[in-house]
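Read the figures in this text as sums done on the coordinates, not as results from a lab. Model, not experiment: these values are computed from the prediction. Counting neighbours? That spans all protein chains shown, and the Cβs are built from the backbone with ideal geometry, glycine included.
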Amino acid sequence: MKIDLHTHMLPKEWPDLRERYGYGGFVRLDHHKRCCARMIIDDTFFREIQDDCWSPVRRMRDCDETGVSVQVLSTVPVMFCYWAKADDAHDLSQLLNDHLAGVVRDHPTRFVALGTLPMQSPDLAIRELERCVGDLNMPGVQIGSHVNDWNLDVPEVVTVLEAAEQLGACVFVHPWDMMSRDRMKKYWLPWLVGMPAETALAICSVIFGGVLARLPNLRIAFAHGGGAFPGTVGRIEHGFNVRPDLCAVDCDINPREFLGKFWVDSLVHDPEALRSLVRLMGAKRVALGSDYPFPLGEARPGELIESMDGFSAAIKDRLLFRSALEFLNRTQETIGVQS
């Protein structure tokens, strides 16, 4: 059994957002040939995608071939649009969330969805969070690693995280809008270097900012195996110990104490990295995530986990589906999966 916590999905089409909102910067799809579309921002090409990004039938066929029982759907991070006017981002969030909820409604045993929020407006974000959990029956939401100039420890973001804890909603954090892109114009470095750094920044923000200490029941997960954080946790802890005047200004708890208090997905692409991640975080806090359907993802979700000779069957079960169930606060029955 496999539950893939980290997959992305878009509608096949949506309204012209420049026309709808009166300004540019939004993504549109150019279906230039069968089963393929170009993602275009204004007149600039962003990415080519195939029908596995929007077709539930194609996705279910791929899942059947790779043994994935359930995909957890979330939007593509470029659609967050935190830079847009708040009301417009709220409207777009509703369009995207209604689409994902519809896919789940049509195929309830194969998909679960995480909503997206207009995080630039905490009030609207909480309103949409409540709709996602209440009206759309979503277990939680996906948010970005930052919201424009806000890291995840600022009061505006913490207000939304507090609401998620109170509602029992999970939060999946995905890197986006990577730092220092002007210095990473070649070699796909924003995705190879910027994304891991973004995720480490997000984790450090919720640790050093005291967010995890204040919200002990918040179920929060971070993409791509926690990015650069697991490999630098020793440096982070050492900094806390030797310069508490700089690091412990908002939370005086050793960062290592928070290991096991949040989830990460398993997308690390390397057996030794996965072994180290499980040893560091504990198997209960690592969940299968493939980043389907994008090329930086795991082509056959769970293949790395299944290949690990040193992992017991119980640990593999943890990584392949049980950790995801706990993060989503679902059971095998309520997620549509039967034992």
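Name the residue, out of 297, 302, 210, that is crowded, with 22+ Cβ neighbours inside 10 Å, touching a residue at least 12 places away in the same chain (Cβ under 8 Å) and touching an Asp or Glu at 6+ places or on another chain (Cβ under 9 Å). Working first, answer last.
Working: 297 fails: crowded, with 22+ Cβ neighbours inside 10 Å; 210 fails: crowded, with 22+ Cβ neighbours inside 10 Å.
The unique qualifying residue is 302.
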Output the qualifying pairs, or none if there are none: Cβ atoms under 6 angstrom, residues six or more apart or on different chains, first residue in region 215-226 and under 12 Å from residue 260 (Cα atoms), second residue in a helix (DSSP H, G or I) and not β-branched (Val, Ile, Thr).
219/327; 221/327
Starting from residues that are touching a helix residue (DSSP H, G or I) at 6+ places or on another chain (Cβ under 7 Å) and not in a loop (DSSP other than H, G, I, E, B), keep the ones in region 305-322 and report whichever is surrounded by the fewest Cβ atoms within 10 Å (Cβ to Cβ).
306
Considering residues of region 73-87 that are farther than 29 Å from residue 107 by Cα and touching a residue at least 60 places away in the same chain (Cβ under 8 Å) only, the residue surrounded by the fewest Cβ atoms within 10 Å (Cβ to Cβ)
83
Members of region 213-228 found to be buried (at least 22 other Cβ atoms within 10 Å of the Cβ) and either part of a loop (DSSP other than H, G, I, E, B) or of a type in the set (Ser, Thr, Tyr) (or both), listed by number
223, 227
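Taking residue 267, is it buried (at least 17 other Cβ atoms within 10 Å of the Cβ) and within 21 Å of residue 306 (Cβ to Cβ)?
Criteria met by residue 267.
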Considering region 18-56, residues that are touching a strand residue (DSSP E or B) at 6+ places or on another chain (Cβ under 6 Å) and among the acidic types (Asp, Glu), and then whichever is nearest to residue 294 (Cα to Cα), we arrive at 48
Can you confirm whether region 27-41 contains a residue that is of a type outside the set (A, V, I, L, M) and either crowded, with 21+ Cβ neighbours inside 10 Å or closer than 25 Å to residue 131 by Cβ (or both)?
no
Could you grab me the full set of residues in region 102-152 that are of a type in the set (A, V, I, L, M) and either part of a helix (DSSP H, G or I) or touching an Asp or Glu at 6+ places or on another chain (Cβ under 9 Å) (or both)?
103, 104, 117, 119, 124, 125, 126, 129, 133, 136, 141, 147
